[in-house]
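The values are calculated or read from the model by the stated rules, or taken from the named source; none is laboratory data. Here the structure is a predicted model, which is why all the values come from computation and not from measurement. All Cβ positions, even for glycine, are placed from backbone atoms using ideal geometry, and neighbour counts span all protein chains on display. Note: areas computed on protein heavy atoms with side chains; ligands, DNA, RNA excluded. Shrake-Rupley method; radii C 1.70, N 1.55, O 1.52, S 1.80 Å.
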Amino acid sequence: IGNLDIKLVKVLDEIREHFGKPCVITSGCRCMLHNKRVKGSEKSRHMFGKAADIFVKDTNKNSVLLYAGNLKLQGKIRYAYTNNSNMLNAVHIDIL
């Protein structure tokens, strides 16, 4: 626990390069206790360094989601989503 999977780091770097702006991680690795506190899934990939909640500075979350859809088609991520009620416009990225 405590380290992001290098594949996730590469995907996040690709997102940063695509938009040419900082990719800010709002939630990366989580220990089991913190994951429980934030009501994460019992099998949350955050606990294994395979997921991150992010936003790209000065970029609409829908643009990030659209680009993430392309990454999914390329087989680089499992999925991406956002939930305004508890993620504050961050986008969840989950790698294979």
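Mind checking the full-extension length gain between L96 and K57? Use 0.36 nm per residue of separation minus the Cα-Cα distance, one decimal, nm.
Length gained between L96 and K57: 11.5 nm.
For the pair I25/Q74, report the inter-label distance in nm, with labels modelled 7 Å from Cα in the Cβ direction.
Label-label distance for I25 and Q74, simple model: 2.0 nm.
For a quick check of your reading of the filter: which chymotrypsin sites (Phe, Trp or Tyr not before Pro) in segment 40-96 sit in a DSSP loop and have no more than 15 other Cβ atoms within 10 Å?
Filter output for segment 40-96: empty list.
Please turn the phi angles of segment 88-95 into ³J(HN,Hα) values with the Karplus equation 6.51 cos²θ - 1.76 cosθ + 1.60 (θ = phi - 60°), one per residue in order, whole Hz, x for glycine and proline.
Coupling constants for segment 88-95: 6, 6, 6, 10, 8, 10, 10, 8 Hz.
Any idea what the dipole of the chain comes to, in debye rounded to 20, about its Cα centre with Lys/Arg Cβ at +1 and Asp/Glu Cβ at -1?
The dipole magnitude comes to about 260 debye.
With a 1.4 Å probe and all protein chains left in place, how much of the accessible area of the chain comes from carbon and sulfur atoms, in whole percent?
54
Spelling out what I want: for every residue of segment 62-74, take phi, set θ = phi - 60°, compute 6.51 cos²θ - 1.76 cosθ + 1.60 (Karplus), and round to whole Hz; glycine and proline get x.
Each residue of segment 62-74 in turn: 5, 5, 5, 4, 4, 5, 4, x, 5, 5, 5, 4, 7 Hz.
Residue separation times 0.36 nm, minus the C-alpha to C-alpha distance between E42 and L88: what's the value?
14.4 nm
Only loop residues by DSSP count here, and only those with at most 12 other Cβ atoms within 10 Å; note down the trypsin sites (Lys or Arg not before Pro) in segment 34-95 that meet that.
Passing sites in segment 34-95 are K39, K43, K57.
Any idea what diffusion coefficient the chain gets from Stokes-Einstein, in µm²/s, Kirkwood Rh on alpha carbon pairs, 20 °C, 1.002 mPa s?
Result for D is 162 µm²/s.
Whole number in Å², please: accessible area per residue of the chain, 1.4 Å probe, ligands, DNA and RNA not counted.
Using a 1.4 Å probe on heavy atoms only, each residue of the chain averages 63 Å².
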